[in-house]
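Written below as C-alpha cells is the structure these notes are about.
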Amino acid sequence: MDAKKKNNPPEKGAAPAANSPVETFLLDDVSASVFAREHQTKNGMRTFYSVSFSRSYRDSKGTRMYVKTFNLEDLGKVVTVAQQADDFIRKLHTVAA
C-alpha cells in the first residue's frame, strides 16, 4: 500500500504550526515526516527543513505504537519515503528561489 498524506506547505513568510509536519510520506508502516522551522539569519528569516522517520506496529493489546528503529524488511521503504521527502524539500527550495 502506497499512500501520501498531503498537507499544504507553508506560505512564504508564514510560520508553520509548532510540532506539525508540513508533509508526511507513508509506505505501509513506514513514514517520513517533513518539518519546517524558521531561523533568523543575517539576511533575514529563513526556513530550514528536517525529516523524521518512524515505523508503526500494533502491540499485543492492539494499540498502535511508533518506533524509530527499522527491520531489514523496512529499509527499502525507508529509502523510498526518504527520496519522496528529498524531492518535496527540493521543490520547495526551487519555488522559494
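Since every read-out is calculated from the coordinates, none of them should be taken as a lab result. On a predicted model such as this, the values are computed, not experimentally measured, just so you know. With ideal geometry, Cβ positions are generated from the backbone for all residues, glycine too; neighbour counts draw on all protein chains shown.
Summary table below
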{"read-out": "Members of the stretch 14-71 that are in a strand (DSSP E or B) and of a type in the set (F, W, Y)", "value": "F25, F35, F48, Y49, F53, Y57, Y66"}
{"read-out": "Unmet requirement for V81, which otherwise passes all of (1) free of Cβ contacts under 8 Å to residues at least 60 places away in the same chain; (2) part of a strand (DSSP E or B)", "value": "(2)"}
{"read-out": "Pairs, first free of Cβ contacts under 8 Å to residues at least 12 places away in the same chain in the stretch 38-52, second aromatic (F, W, Y), C-beta under 7 Å, six or more apart", "value": "H39/F48"}
{"read-out": "Residue that is surrounded by the most Cβ atoms within 10 Å (Cβ to Cβ), among those in the stretch 54-97 that are touching an Asp or Glu at 6+ places or on another chain (Cβ under 7 Å) and under 27 Å from R37 (Cα atoms)", "value": "K77"}
